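Throughout, read-outs are computed from the coordinates displayed, never taken from laboratory work. Since the model is a prediction, treat every value here as computed from it, not as a measurement. For neighbour counting, all protein chains shown are included, and Cβ atoms are generated from backbone atoms with ideal geometry for every residue, glycine included.
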Amino acid sequence: MVDNFEGAVLPWRCLCCGAPGSAGLDLCAACHAELPWNANACGRCALPLSAGASTCGECQRDPPPFAAAFAPLRYAFPIDRLIVGLKFGGHLEHGRLLGTLVTARSEALRAAIPPGLPLLPIPLHAARLAERGFNQAAELARIVAPALGAKPAPELAWRRKPTPPQARLDAASRRANLAGAFAVSAHPKGCAATWVPRRLIILDDVVTTGATVRELSRTLRDAGCEEVFVVAVARAGRVPPVAAGERRG
Ligand SMILES: [Zn+2]
Ligand SMILES: [Zn+2]
């Protein structure tokens, strides 16, 4: 959701280069033209692939517990810097821009994801939330959920244990780190059993190896959820061969 009132008071400004923004975005036309769209991605996990490929090797060997993941952008400049600024710099205006860029692909997302599903932003551990003051996925959800016709449902699950930064860990260590990291919430009517909807969407800022969304999806599936869709702003992964005319920032 773009806040027109705010746009009318504060002019749109490019968060990458400082030039005037364009088309109701905090992004100028030149920077917009250079965005690293995830043009050809794995149909299951959104890993950037070279043109013509449809499913990555990992999804073929070990299919993920979610039905499909969508990430309109690659985790590359300037999206990486915008996400870091949102998470670690508290720049909520980055979240507004990143969420709006996801909604620019909402037609494709709506074609793939049924409408009206609950949307669960990946929960932060309470200690991390207290330190940061906000959950970046919940900030993105405020913009992305309405564009998908989804309903934010942050109460569906929570993070049982804080996980240390994963950036330097290999895939196996990430998985071990994350085992049991999430739990579904108690039944809303107070029954002893936990409860999850039959289908839902989980939302994250960036899918790196996929270990976090796999773990949360597994927890939700174990609790009875039949179909999990994953939406993220960006997907990390080896960049496919650079196409003619495409430059990296
Ligand atoms: Zn710019
Ligand atoms: Zn894949």
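Quick one: divide the alpha-carbon radius of gyration of region 113-159 by 2.2 N^0.38 Å and tell me what you get.
Computed over Cα atoms of region 113-159, the ratio equals 1.19.
Please list, in chain and number order, the residues 5+ apart from C56 or on another chain whose amide H is under 5 Å from its amide H, with Hs placed from the backbone.
G43, R44, C45
Would you please give the residues with an amide H less than 5 Å from that of I202, counting only those at least 5 places away or on a separate chain, with H modeled from the backbone geometry?
L120, F229, V230, V231
Work through the residues other than P164 whose Cβ is under 12 Å from its Cβ and net out their charges, Lys, Arg +1 and Asp, Glu -1.
Its environment carries a net charge of +4.
What relative contact order, as a whole-number percentage, does the chain give when Cα pairs under 8 Å and 6 or more residues apart are counted?
Answer for the chain is 22 percent.
What does the charge count near R13 come to, summing +1 for each Lys or Arg and -1 for each Asp or Glu among other residues with Cβ under 10 Å from its Cβ? Don't skip to the end; give the middle numbers.
Working: positive: none; negative: D26, E93.
With Lys, Arg at +1 and Asp, Glu at -1, the neighbours total -2.
In whole Å and largest first, what semi-axes does the C-alpha gyration tensor of region 7-106 yield when each eigenvalue is scaled by 5 and square-rooted?
30, 14, 11
Ignoring solvent entirely, what values of log10 I(q)/I(0) come out of the Debye formula for the chain at 0.08, 0.09, 0.10 Å⁻¹ when each Cα is a single scatterer?
Cα-only, vacuum Debye calculation for the chain: -0.30, -0.38, -0.48.
Compute the distance from the alpha-carbon center of region 113-140 to that of region 47-102, in whole Å.
With region 113-140 and region 47-102 each reduced to a Cα centre, they are spaced 16 Å.
Once every DSSP H run of n ≥ 4 in the chain is given -39500 (n - 2.57) and the sum is divided by its residues, what mean residue ellipticity at 222 nm do you get, rounded to the nearest 500 deg cm²/dmol?
Rounded to the nearest 500, the figure is -9500 deg cm²/dmol.
Can you list, bin by bin at 5 Å, the percent of alpha carbon pairs in region 47-152, starting at 0?
2, 11, 17, 21, 19, 18, 9, 2, 0
Semi-axes, largest first, in whole Å: what does sqrt of 5 times each Cα gyration tensor eigenvalue give for region 91-202?
Values for region 91-202, descending: 24, 21, 15 Å.
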